[in-house]
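Inspection log for the structure reproduced underneath, given as structure tokens.
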Amino acid sequence: MISRRSVVRGASAFLLGGFGLAGYAAGIEPHVRLRVARYSVTPGRWPDSVTPGHWPAGLRLRLAAISDLHVCEPWVGTRRIAEIVQRTNGLEPDVTVLLGDYMGAHPYITGEVPPDAWAGALSRLRAPLGVHAVLGNHDWWEDEDALREGRGPVIARRALEQAGIPVYENDVVRLSKGGRPFWLAGLGDQWAFGSRRGVDDLPGTLAKVKDDAPVILLAHEPDVFPHVPARVALTLSGHTHGGQLNLFGYSPFVPSRFGNRYRYGHIVEEGRHLVVSAGIGCSTAPVRIGAPPEIVLIDVTA
């Protein structure tokens, strides 16, 4: 027989558990934890033998990726960015990439961080082959002038470039490590004017690649991945926050028309490789469960 006392105890435990989970989701996971998610990727477009007339083999490349900072106080301010920068530099990547959404994205803030302040903090990132950035949807959505005029450059791009960090919107750059070339291709944001209208141009971007060296594509939203050709060795994305609320490997809301398909991690489809970061900050509300903030470290080898 169930006693009144056992019912009260059960209800109390449920409430305390609920408060504990809420406290963890709002106070611990999103703002205290910071992990390094490590991947080893061997793309098909990263050959393991020297072919006459082609790029040399044996390119070993270490990339660090930071996504979705959503800078605002008290959640991700310059002190938190300094911690992220120090951890990232300590990983000794060959190249560091920033995958967009620098601007804050929820109303639960105590103050804004000036763009020159957060961009200045990011300018302390160090990598032999440089730091390279693309923009995200919130970098457009938080710039009313750009939305009204239907064009950039948005505030976030100007801040990053003034801090010495190049920003790619449908543009490419050719880099080289040990005499072995590769391309970084940065896609314009796919949701700049809403989830159905962007400033992205994948064919136009890849048309700027002028030789057969491997290509790494930076695309804030992973939704472009089904359209990425095999010519691209690796695609790096953020945007989804790993679902932000992740329950047993499933998230009830993922900001993607593909749902959980590209929610998080290393995804391989038809021999093509995608890595999606859970990012750093939050949107809608400053909570995370099962999707802690992370720096992504990827070793690309033949």
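The values are calculated or read from the model by the stated rules, or taken from the named source; none is laboratory data. These numbers were taken from a predicted model, which means no experiment stands behind them. Neighbour counts run over all protein chains shown; Cβ positions are idealised from the backbone, glycine included.
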Over the stretch 89-118, the set of residues among the β-branched types (V, I, T) and either modelled with pLDDT under 95 or not assigned by TED's automatic domain parsing to the domain that holds I295 (or both) is I109, T110
Within the stretch 241-269, how many residues are farther than 16 Å from W191 by Cβ and within 14 Å of the chain's Cα centre (by Cα)? 7
Mind counting the residues in the stretch 258-295 that are touching a helix residue (DSSP H, G or I) at 6+ places or on another chain (Cβ under 6 Å) and assigned to a loop (DSSP other than H, G, I, E, B)? 6
In the stretch 213-228, what count of residues is obtained for those that are buried (at least 21 other Cβ atoms within 10 Å of the Cβ) and not in a loop (DSSP other than H, G, I, E, B)? 7
In the list G90, G104, G100, which residue meets the criterion of being closer than 26 Å to L61 by Cβ, surrounded by 22 or more Cβ atoms within 10 Å (Cβ to Cβ) and not polar (S, T, N, Q)? G100
Residue within the stretch 162-176 that is more than 21 Å from T78 (Cα to Cα), under 19 Å from the mean Cα position of the chain (by Cα) and of a type in the set (S, T, Y) present: yes
Confirm whether D189 is crowded, with 22+ Cβ neighbours inside 10 Å and assigned to a loop (DSSP other than H, G, I, E, B). yes
Filter the stretch 163-201 for residues that are aromatic (F, W, Y) and touching a Leu at 6+ places or on another chain (Cβ under 8 Å); which is farthest from E144 (Cα to Cα)? F182
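Residue by residue, here is whether (1) aliphatic (A, V, I, L, M); (2) at pLDDT below 95 holds:
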{"residue": "G186", "(1), (2)": "no, no"}
{"residue": "D189", "(1), (2)": "no, no"}
{"residue": "V209", "(1), (2)": "yes, no"}
{"residue": "L217", "(1), (2)": "yes, no"}
{"residue": "L236", "(1), (2)": "yes, no"}
{"residue": "G242", "(1), (2)": "no, no"}
{"residue": "S251", "(1), (2)": "no, yes"}
{"residue": "R261", "(1), (2)": "no, no"}
With the requirement that a residue be touching a residue at least 40 places away in the same chain (Cβ under 8 Å), touching a helix residue (DSSP H, G or I) at 6+ places or on another chain (Cβ under 9 Å) and over 13 Å from G44 (Cα atoms), what does the stretch 210-224 give you? A219, H220, E221, P222
From the list G243, G238, G271, G281, pick out the single residue that is surrounded by fewer than 22 Cβ atoms within 10 Å (Cβ to Cβ) and either in the same structural domain as P74 (by TED's automatic domain parsing) or over 21 Å from R197 (Cα atoms) (or both). G271
Got a number for residues in the stretch 229-255 being closer than 17 Å to V275 by Cβ and part of a strand (DSSP E or B)? 6
I need the full set of residues from the stretch 78-87 which are in contact with a Phe, Trp or Tyr (Cβ under 8 Å, 6 or more places away or on another chain) and buried (at least 19 other Cβ atoms within 10 Å of the Cβ), in order please. I81
Taking the stretch 212-235 and the residues there that are charged (D, E, K, R) and over 23 Å from R197 (Cβ atoms), the one that is farthest from the chain's Cα centre (by Cα) would be D212
